[in-house]
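First up is the structure itself, then whatever we jot down about it.
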Amino acid sequence: MKKRQPLLPQTFFLVLCSVVVYAEAAKLRPSPEAEAAALLGFQSKADLRNHLGFSHNASFRFCDWQGVTCYQQKVVRLILEDLHLGGVFAPNTLSHLAQLRVLSLQNNSLTGPIPDLSGLVNLKTLFLNHNFFTGSFPLSLLSLHRIRTLDLSYNNLTGPIPTSLASLHRLFYLRLDLNRLNGTIPPLNQSSLKTFNISGNNLTGAIPVTPTLLRFDFSCFSWNPGLCGEIIHKECHPRPHFFGPTASVVAPPPTVALGQSAELHGVELAQPRPSSKEHKRAAIVIGFSTGVFVLIGSLICFVMAIRKQTDKKKSTAADESDDGAAAAQAAAMIQMEQENELEAKVKRVQGMQVAKSGNLIFCAGEAQLYPLDQLMRASAELLGRGTMGTTYKAVLDNRLVVTVKRLDAGKLAATTKETFEQHMESVGGLRHPNLVPLRAYFQAKEERLLIYDFQPNGSLFSLIHGSKSTRAKPLHWTSCLKIAEDVAQGLSYIHQAWRLVHGNLKSSNVLLGPDFEACLSDYCLAALVTSFPDEGPDSIACKPPETRNSNHQATSKSDVFAYGVLLLELMTGRLPSQHPFLVPDEMMHWLRSCREDEGGDDERLGMLLEVAIACSLSSPEQRPTMWQVLKMLQEIKEAVLMEDAELDPLSGMC
């Protein structure tokens, strides 16, 4: 019998390496259990009311779940659109679906930042548009070199567009419109790029002249007041040197600027520096000049920076099967919601923690920036008295400026300490660019205080009606549309994602932020009281028939009614108590009489008037939801954009 030869050392080593490599590959290969766990993890934070219906008990059948498409027990397509998801897109969930080709979460109410998606190495199509995402452009997307379709439009993203976006050589479809992005446009030059839109942001500077960007019409860049260059036929003027070629521009007065520290909220006052009388005088002149310059620039941006929507088509040639299906899904995403009332999505922030400093409670994980005694000894300035209490501007020892609202003890007498804390915990978790954030609250015996960010530019009421000595003119229709959309964004977020209501919407409770964005204040406080016995005629006019002269609690539909009254106030400049009861055909005549100098905008104002009339209907069931109102405003912007594009001989498609 032939003796068996022993394995040579080299052969044994190769066999061992093969075994090790195979074992490691098996570890990295996602198991069906891991795929199901990724979907369930996403649902736990994004779908707190279980609209998706994913179940731990049926995790072995995850390929049959709503919106899930699999190939060989791996998720390759996930389409979860128009499902009212109102939580957050949690990290380390869907990013584990390594074989995912198409991901669409469009037309939901997801909030917070977009998480790290670098694990989706095979992703070709990503639709995250029409949500409430915040934060900067997700840099993890720059590592997805197979990506061809990317839509982040209609969110609240801020910061610059990364220059490295030009390195995504397969990019076919890119939409970043209707966000709050700033900075300059990177020199995109992908020959594959066929659909492109960055309109309705805060971008500045010259548009790079590249063969790719030259293909797109001016409307793809519009509503960015600071852009210039050959593509949009706007000359770029060099910035004048007001203080000499080497002098640096002095910052505006610190009392109207947000605190520079990322850890602080409110307004931070700069510490004075000793100088001679001449230096002080020069600093005052320069500071005043610069402040005026900044204010004028802000007002110009406020009037002009209205975002718009164009080209609803979603097409891609990335993958015949994957991308074709995604394009079909994209065509269906723009349907208007027909439900009578959108359900709210989140009762409170998942995992919210409140940190206590004595009886001063900081909300939603806020840092403890100051103790109670520092707040109590702060210098205070009366800002006004309202239906819920008295509001002060407080300057703390650390030069931080905040707004403190002292609630009327009589109106909250029936509210227990536990009820107040539970409600404030929910309200303190609301975070949206069009809401004044509640940072902390305090209660002891009958004393209850709410601490908000200080808003330096006053209220919408003052903007519309002017001061006692001057009568303001009605706002231009573009300003009306911008403010109307800001308010609708904030209300829609409260209604759709939180199952809460504002309850006291009026122009004095809409403040103007540092960029003149409209921000809701005094929201969700009406739930703590049963009635407002000392309301004036204008406040009463903002209430719908079903809650007027009664103790009925406010609802989302009563907020919609108040929104319609606010929209009429915006367009006419007339107080709510001065609005006549007219049939719709007579309303346009009344609107014209209030705006004698803007006859050329009749048609556009008429579209806004139709929205106001729909919101102000007597029957709550006939009023639209705030999500539907927001859709109407977006359609108005799109119609106006298309009309403007048709008037330009060089117009084309984005």
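Quick look at the values:
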{"read-out": "Residue match in the stretch 457-464 (condition: surrounded by fewer than 21 Cβ atoms within 10 Å (Cβ to Cβ) and part of a loop (DSSP other than H, G, I, E, B))", "value": "yes"}
{"read-out": "Test result for Arg431, in contact with a strand residue (DSSP E or B) (Cβ under 8 Å, 6 or more places away or on another chain) and either of a type in the set (Phe, Trp, Tyr) or assigned to a loop (DSSP other than H, G, I, E, B) (or both)", "value": "yes"}
{"read-out": "Residue identified as surrounded by fewer than 16 Cβ atoms within 10 Å (Cβ to Cβ), assigned by TED's automatic domain parsing to the domain that holds His130 and either assigned to a helix (DSSP H, G or I) or modelled with pLDDT under 85 (or both) among Ser59, Ser44", "value": "Ser44"}
{"read-out": "Meets criteria (within 23 Å of the chain's Cα centre (by Cα) and either more than 20 Å from Leu203 (Cα to Cα) or of a type in the set (Gly, Ala, Ser) (or both)) for Pro91", "value": "yes"}
{"read-out": "From Arg399, Arg406, residue being in contact (Cβ under 8 Å) with a residue 12 or more places away in the chain, buried (at least 17 other Cβ atoms within 10 Å of the Cβ) and charged (D, E, K, R)", "value": "Arg406"}
{"read-out": "Qualifying residue in the stretch 373-394 (condition: under 30 Å from Leu157 (Cβ atoms), assigned by TED's automatic domain parsing to the domain that holds Cys519 and touching a Leu at 6+ places or on another chain (Cβ under 7 Å))", "value": "no"}
{"read-out": "Ser492 vs. criteria within 14 Å of the chain's Cα centre (by Cα) and buried (at least 22 other Cβ atoms within 10 Å of the Cβ)", "value": "yes"}
{"read-out": "Neighbours by Cβ (under 9 Å, 6+ apart or cross-chain): first from the stretch 563-583, on the phi > 0 side of the Ramachandran plot; second assigned to a helix (DSSP H, G or I) and at pLDDT 85 or above", "value": "Gly573/Ile464; Gly573/His465"}
{"read-out": "Residues located in the stretch 434-456, provided they are more than 27 Å from the chain's Cα centre (by Cα) and not in a strand (DSSP E or B)", "value": "Lys445, Glu446"}
{"read-out": "Subset of the stretch 476-497 that is at pLDDT below 90 and among the β-branched types (Val, Ile, Thr) - its residue that is farthest from Leu568 (Cα to Cα)", "value": "Ile494"}
{"read-out": "Ile147 being without any contact (Cβ under 8 Å) to a residue 60 or more places away in the chain, assigned to a loop (DSSP other than H, G, I, E, B) and farther than 24 Å from Asn107 by Cα", "value": "no"}
{"read-out": "Sole residue being surrounded by 18 or more Cβ atoms within 10 Å (Cβ to Cβ) and in a loop (DSSP other than H, G, I, E, B), chosen from Leu103, Leu141, Leu171, Leu126", "value": "Leu171"}
{"read-out": "Test for Thr390: is it touching a residue at least 24 places away in the same chain (Cβ under 8 Å) and either among the hydrophobic types (A, V, I, L, M, F, W, C) or surrounded by fewer than 18 Cβ atoms within 10 Å (Cβ to Cβ) (or both)", "value": "no"}
{"read-out": "Cβ-Cβ under 6 Å pairs, at least 6 apart or on other chains, the stretch 53-65 side at negative phi, far side modelled with pLDDT of 85 or more and part of a helix (DSSP H, G or I)", "value": "Phe54/Leu39; Phe54/Leu40; Phe54/Gln43; Ser59/Ala36; Phe62/Ala36; Phe62/Leu39"}
{"read-out": "Residues that are surrounded by fewer than 20 Cβ atoms within 10 Å (Cβ to Cβ) and of a type in the set (Phe, Trp, Tyr), drawn from the stretch 426-441", "value": "none"}
{"read-out": "Asn108, sole failed condition from (1) in a loop (DSSP other than H, G, I, E, B); (2) touching a Gly at 6+ places or on another chain (Cβ under 7 Å)", "value": "(2)"}
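Per-residue answers, yes or no, for (1) within 20 Å of Gln73 (Cα to Cα); (2) polar (S, T, N, Q):
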{"residue": "Ser104", "(1), (2)": "yes, yes"}
{"residue": "Asn107", "(1), (2)": "no, yes"}
{"residue": "Val121", "(1), (2)": "yes, no"}
{"residue": "Asn131", "(1), (2)": "no, yes"}
{"residue": "Ser153", "(1), (2)": "no, yes"}
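So that you can scan it fast, the table gives a plain yes or no per residue for (1) at pLDDT below 90; (2) part of a loop (DSSP other than H, G, I, E, B):
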| position | (1), (2) |
| --- | --- |
| Lys557 | no, no |
| Glu569 | no, no |
| Asp602 | yes, no |
| Gly606 | yes, no |
| Glu621 | no, no |
| Pro624 | no, yes |
| Val629 | no, no |
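The values are calculated or read from the model by the stated rules, or taken from the named source; none is laboratory data. Because the structure is predicted, anything quoted here is derived from the model rather than measured. As a convention, Cβ positions derive from the backbone with ideal geometry for all residues, glycine included, and neighbour counts pool all protein chains shown.
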